[in-house]
1. Please state the charge dipole magnitude for chain B, taken about the Cα centre, from unit charges on C-beta atoms (+1 on K and R, -1 on D and E), reported in debye and rounded to the nearest 20.
2. Heavy atoms only, 1.4 Å probe, whole protein assembly: order A:Ile470, A:Ile359 by accessible area, highest first.
3. Counting heavy atoms of the protein chains only and a 1.4 Å probe, report the per residue accessible area for the range B:2-126 as a whole number of Å².
4. If you average over every viewing direction, what projected area does the convex hull of the Cα atoms of the range A:60-157 give, in nm²?
5. Once you put a point 7 Å from the Cα of A:Trp460 and another 7 Å from the Cα of B:Glu52, both along the Cβ direction, what distance in nm separates them?
6. Of C:Phe47, C:Gly70, C:Phe126, which is farthest along the charge dipole of chain C in the positive direction, counting Lys and Arg as +1 and Asp and Glu as -1 at C-beta?
7. When averaged across all projection directions, what area in nm² does the alpha-carbon convex hull of the range A:410-449 cover?
8. Can you quote the Å³ per residue value for the convex hull of the Cα atoms in chain B, rounded to an integer?
Amino acid sequence: MDLLLEGFATALTPENLMYAVIGVLLGTAVGVLPGIGPAMTVALLLPVTFSVPPTSGLILFAGIYYGGMYGGSTTSILLNTPGESSSVVTALEGNKMAKSGRAAQALATAAVGSFVAGTIGTLLIVLLAPNIADVVVKLGAPSYFAIMALALFTVTAVLGSSKIRGFIALFIGLAIGLVGTTTGQQRMTFGSPQLADGIDVVVVAVAVFAIGEALWVAAHLRSKPLDVIPVGQPWMSRDDWGRSWKPWLRGTAFGFPFGALPAGGAEVPTFLSYITERRLTKHPEEFGKGAIEGVAGPEAANNASAAGTLVPLLAIGLPTTATAAVILVAMQNYGLQPGPQFMDAQPKLVWGLLASLFIANTLLLVLNLPLAPVWAKLLQIRRPYLYAGILFFASLGAYSVNFQAFDLALLLGIGMLGLAMRRFAIPVLPLIVGVILGPRLEEQLTQALSISQGDVSTLWSEPVAVVVYIVMAILLVGSVVMSRRTTPPAPTRTEDASMDVNA
Amino acid sequence: MTIVIAYGTDQYGRAALAHGAAQAELRREDLVVVNATRGDSLVDRRYADDAEIERIKAELQTLGLSVSMRHDVVPDVADAVIEVAEQVDATLIVVGVKHRSPVGKALLGSVAQRVILDAECPVLAVKPDPLADTV
Amino acid sequence: MTTTETTTPVAPDGTTRKDVAQYGLAGFLLVVGIVVLIDAAGLSDGFADQPVQPYAFPYVVGAVLVLLSGLLAVATWRGDVPEEDDGEDVDLTQGSDWATVIKLGLVLVIVIATIDFLGWAIVGAFLFAASARVLGSRTLILDVGIGTALSLLTWYGFYSGLGIPIPAGVLDGVL
C-alpha cells in the first residue's frame, strides 16, 4: 500500500498529471476518429520516448490505451461502426439504443461501466502483479524461453481465425528480427551498414500499423457519409443505474481474467458478457432493440480486459494486444525490460504507472461525460486530411529515429507489406510480437544453453517450463479440435471470392 | 419551368427551402431540391438522412407543389447544383448564404458563391430570418 | 516488394473461385525464406562459448517460411479466400483502388529522395499536401497551408519541446 501511495505521489506531480490528461484526451480522440486506433497512436508517438522521461511517457501511453477503449465505444454507439473488434458487441445494443433516442444513456452507461471496470481491473493488477512477479523472479532461462514460446504460440495460433496466416505473420516478424549483428556476425544485412544495427522496432511498428492501414484505407475509401445520431449530455435515470450496475460487475469478472491470460483479447469476454446479460435480463424483449444491459456488460468487459493485459505485460513482459505490444516497444526504447526484476528495479516507475491508471480512469469519467458532443464533432474531419496526417506523422516518427532517408525507405517497404497483410488477412499482432520477442527468445535460449554447457535437456529441467509446454500442447490440441468443429467447408464463401476477383 | 433549391441541413439550407417553396407557389413552378455531399468525411452534417429527405418532400407536396429530390454523393457540391439546374432548364436557383471572412473565403471557398458566379440562370441568395427558424 | 506473380492457371472447375493473388504472397514467402536460408548458409561457426550457432535460428525461420509458402499455396488451390480487413472508413463493396495507393507510394518515394537535401520542413509540407490531394482534397491553398503549418510546428516542437534537432536541410540557418 505504501508503494501505491508513493506511486500516487509520482503520478500526481503537475507534469505527470498533464501527461495523463493529454493521454486520455488524445486516446479518446483517436478512438473516436475513424481509421486510427490506440496501437497506431502509441506507435506514432514513439518518438517522444527519446526525450520525455520514462514515467511520464508510460503514463501518457497508458492514458491513450484507456482513452482509446472509451472513444471506440462512442463511435460504435453513435455510428454503428465499431473501429476495433473489441467494440463490435457494444454496437449491437448501443447503436439500437441511440437510434431509439437513448444515445445519452448508452454513452453514460458505457462511460461509467468503463470507469468501474477499469478501476476494479487496476486494483486487481495492483494486487496480482507483485505476487506474480515474485513467482516469476525465481524462474531461470529455460522457463523464460518456454513462457516466451508460449506467448508467441498463443498470440499466433489461438487468437485470430486462421492459423496459417498467424504463423505467416509470426515468421515474417521473426525474419525481420534476425536482421542485425547481435550474434557477432552480420545476419540478413546484405552488407548494408544501415542494417547492421537491425531494423528499428519503431520503424516496423509505425509501418505496419500506420502506413499499412493508411494505404489500405486509401485503396477502399468510403465515399458515403454515415448517419450520425445527434447526442446531448450523457446521463442516466435511476432505472438505468439499477439495470446497469450488475452487468458492469459481471462484465469486469469476464474481462479481467481473459485480458490477463496470455491468450486473452477482448473479443471473447465481451461476447460472453453479452450472452450472459441477454440470459439474465428482466427485459428480454428489449434485447435486439437497445437494451442497456447489452451495452453496460460488454463495455465493462472490454475495459477490464484492457487492464488485464497489463498483468502479463508488466510481470513477464508479454504483450497480448497490439497496443500492449507497442507499449512494450516504448519500454524497450527506454532500455526497460518488463518482467519480474522490473517490478523490483523500477518501483517508482511501476507504481507511478499503476497509480496513473486510477487517475486516467477518473479523468476519463470526469472529462468525457461532458465532452461527448465535442467528440462527436471529430467525425466531421475530412478523410484526405486524416490520412494525409497519418502519413505525415508516420514519416516523421520513422525519420526521427536516426534522421536517415533509409529508414523512410524501410518504412515504405514494410508499409507495403502491411498493406499486403490487410489484403490477405494476415494478422498484424504476431508479426510485431515476433519482431520484439524473436531476438529475446534467441537470447534466453543462448543463456539457458550456456549455463548447461550445451545440454539441451536443460530446457525442460524446470517444473514451470514443463507446465508451460503441457499448456501449449493442450492449447494446440484444443485449437485443432475447435477449428475442426467450427470451420465450415470452404465453398460457402464463394460470394467473397467473386468479390475479390472483380476487385 | 423549374426552381432548384440547394439544400443543406442547417439554417441556411432551411432558409433556401422556405424561400424556394414560396417562389414556387408564387410562380406556379416545379421544385427540385438538391442535397449533395462530397462524402469525404465520416459524417457530413449538411447531408440529410433519407428520412429527412422524405419528410421534406412530403411537406412540400402538402403545399400542392410538384417536388423531386436529388440526394447524391458527388465530387463537387456546387457543380452538382449547377448541373441539375442545367438538366432541368431551371428558371431560378435558390441558395442560402452565410457571412465568411475574406480568409475563410480564400481557403475554403463557398458553395453558394460558386453557384452564384457559375450558374447560367438567375440565382436567389437568401439569408436565414434572424428571428424565426421554423421549417 | 518482390511479389513474384506466379499466376498459376486456375483449375477451371467452375464451382469455387480462387484468390489468385494469394499465390503471389506464397511466392513472396518462398523468396524471403530462401533468402534467409542462403544468408544463414553464409554464416560461420560462432565463438566457442556460443551454444546457439548464429545460423541456428535463421535456418529454422527460413525453413518454416518455405514450408508456410507451400501450405499457403495448397490452401489457396483448395479455395481458401482471405477475409479482407474491414474498418470504419473502409468500403469493401467498391473493389480496390490501387491507383491511389501507387500515387501515395510515389509521394513517399519523392519524400525519401529529397529529404536529405530539402529537410523535413519542406518535405513534410509537400508530403501532407500531396497526400491530401491524392486522397481527393481539392482545396490546394488550404492543403499547402496546413501542411506547412504542420511541418513547421513539428520541426519546432521537436527542436524546442523534445530537444530533438531534426536536420533542417536547405533551410539550415533559416529556421
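1. Values: 14 positive and 21 negative charges, 104 e Å.
My answer is approximately 500 debye.
2. On the way: A:Ile470 90, A:Ile359 20 Å².
Accessible-area ranking of A:Ile470, A:Ile359, largest first: A:Ile470, A:Ile359.
3. On the way: 6030 Å² over 125 residues.
Dividing the accessible area of the range B:2-126 by its residue count gives 48 Å².
4. On the way: hull surface 33.2 nm².
That works out to 8.3 nm².
5. Here the answer is 6.8 nm between the modelled labels.
6. It is C:Phe126.
7. Numbers: hull surface 13.5 nm².
Value for the range A:410-449: 3.4 nm².
8. Given the Cα convex hull of chain B, per-residue volume reads 108 Å³.
The values are calculated or read from the model by the stated rules, or taken from the named source; none is laboratory data. Please read all numbers here as calculations on a predicted model, not as lab measurements. Reconstructed Cβ throughout: ideal geometry from the backbone, glycine too, with neighbour counts over all protein chains shown. We work out accessible area using only protein heavy atoms, side chains counted, and drop any ligands, DNA or RNA first. Shrake-Rupley method; radii C 1.70, N 1.55, O 1.52, S 1.80 Å.
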